[in-house]
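The values are calculated or read from the model by the stated rules, or taken from the named source; none is laboratory data. Because the structure is predicted, anything quoted here is derived from the model rather than measured. Don't worry about glycine lacking a Cβ; one is built from the backbone with ideal geometry, like all the others, and counts go over all protein chains shown. Each accessible area value is taken on the protein alone, full model and side chains, heavy atoms only, with ligands, DNA and RNA left out. Shrake-Rupley method; radii C 1.70, N 1.55, O 1.52, S 1.80 Å.
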Amino acid sequence: MDRLFAVTTALSVMLIGLVLHSLRRSHIRVEYSVSWLLAGLLMFLVSVWKPILAEMGQLLGTGDERTTIFFIAFGVFTTVFYRFSIIISKLKDSNIALTQKLAILEFQLRTLDEKQKQAPAT
Amino acid sequence: MIRASGPGQYLVLIPAFNEQEAIGSVIREVKDRVGDVPVLVVDDCSTDSTAALARIAGAEVLSLPFHLGLGGAVQAGYRLAYELDYDFVVRIDGDGQHDPAHIPEILAALKTSGCQMVIGSRFANGNAHPHSSAIRAAGTRFFRLVLRPILGKQVRDPTSGYVGVNRQALDVFSRSFPLEYPEIEALVVLQRRAFQFLEVPVRMRPRRGGRSTITPLKSVYYILHVLLGVLVNVLRFERSRWR
């Protein structure tokens with residue numbers, strides 16, 4: 001049992017460390033790192049602070065610490081992935097709209113340019 | 001491309017991705033059949049000579065800087081047509097499957113019926129389509145059954161890309177259009193606004209070049225994707241309905 005919590009603690013610390021490292025090297029923007037940092041922090045807390053884990057186990061009705069930490073990890077990371085799915089979807093919509101707008105503006109610019117070339121010089 | 005000079009003007013929209021084998025002849029055939037109508041090819045970031053050949057054949061080309069897929073390309077064309085004040089758009093494929101001889105019939109149906117969309121249907125006269133694969137035919141039958149209760153009427157050829165739309169539909173589609181496999185979902189988008197559609201019989205031919213994007217393996221993904229898209233569109237709550 002202690003080994004499981006040692007592993008989850010180590011993984012949480014690694015996650016926080018990785019996110020901070022990525023932030024420092026500008027691989028992740030600050031606004032997108034918050035979810036991961038919170039997830040890592042929460043996993044770290046429940047791994048090292050047993051009373052919280054016991055309390056949450058009672059709330060969830062799991063009883064067993066191992067099941068509780070699995071449920072918490074599942075909930076935390078599902079939330080993070082869901083949040084990022086929403087962000088990616090919005091970005092894709094914006095990307096498509098921008099791409100179409102850029103193509104239309106380029107098209108209109110080319111049309112104007114051709115018209116100008118055809119017009120007699122004044 | 002000139003802006004539409006008055007009411008009732010239309011353009012022919014051809015979304016194309018790597019269609020260099022057929023695009024030139026398709027454009028020339030359109031111009032032979034319907035005269036000097038504006039033809040807009042939306043080049044979905046082709047890696048071959050599609051855009052250059054389309055220009056040589058006399059079409060205007062809207063070049064997308066990134067590959068968006070069929071829905072993204074069609075929507076870009078609808079947006080431009082809407083901005084240029086066209087009242088009708090007839091969309092045909094760039095692979096030569098759609099016979100441009102039917103464009104006047106689709107346009108006439110759009111103008112006289114008051115429907116927002118007219119579908120060129122392979123099955124409207126009850127005949128089986130000779131160039132349809134078994135998988136595609138089964139898929140078409142399946143989606144007919146799915147769409148019947150949603151649309152409140154039967155659609156015989158829900159996967160046809162040979163469609164004409166009026167300005168009301170252009171307005172809606174320029175803001176909201178399905179990105180992948182758009183034909184079926186587009187019907188549901190229209191239904192949510194209480195728009196009407198009509199099918200007119202058309203003849204389809206084997207493709208002249210390029211490859212179909214729907215392989216047998218992708219068919220399963222296609223069905224799941226479209227089913228989900230239909231479900232989402234049905235569930236989406238729309239406060240203001242267009243009438």
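Points worth noting:
- Around the Cα centre of the protein assembly as shown, unit charges on the Cβ atoms of Lys, Arg, Asp and Glu (plus for the first two, minus for the last two) sum to a dipole of about 540 debye.
- Centroid-to-centroid separation of region A:35-86 and region B:91-118 [C-alpha atoms, Å]: 57 Å
- Ordered by solvent-accessible area of protein heavy atoms (1.4 Å probe), largest first, the residues A:Arg24, A:Arg29, B:Arg203 come out as A:Arg24, A:Arg29, B:Arg203.
- Report summary: the helix-based calculation at 222 nm, which adds -39500 (n - 2.57) for every DSSP H run with n ≥ 4 and divides by the residues of chain B, gives -13000 deg cm²/dmol.
- Legend: distances between Cα atoms for A:Lys90/A:Lys115; A:Lys92/A:Lys115; A:Lys101/B:Lys111; A:Lys90/B:Lys218; A:Lys92/B:Lys111; pairs beyond 27 Å are A:Lys90/A:Lys115; A:Lys92/A:Lys115; A:Lys101/B:Lys111; A:Lys92/B:Lys111.
- Mean per-residue shielding of peptide A:102-112 is 5, counting Cβ atoms of other chains within 10 Å of each Cβ.
- With Cα atoms defining each centre, region B:63-87 and region B:26-57 are spaced 14 Å apart in the structure.
- Across the protein assembly as shown, Cα-Cα pairs more than 30 Å apart make up 50 percent of the total.
- Rounded to 10°, Cα long-axis angle of helix A:65-118 versus longest principal axis of chain A: 0 degrees
- The tail of the calculated P(r) for chain B, taken as Cα-Cα distances beyond 33 Å, holds 11 percent of the pairs.
- Value of Rg/Rh across chain A [Cα atoms, Kirkwood radius]: 1.38
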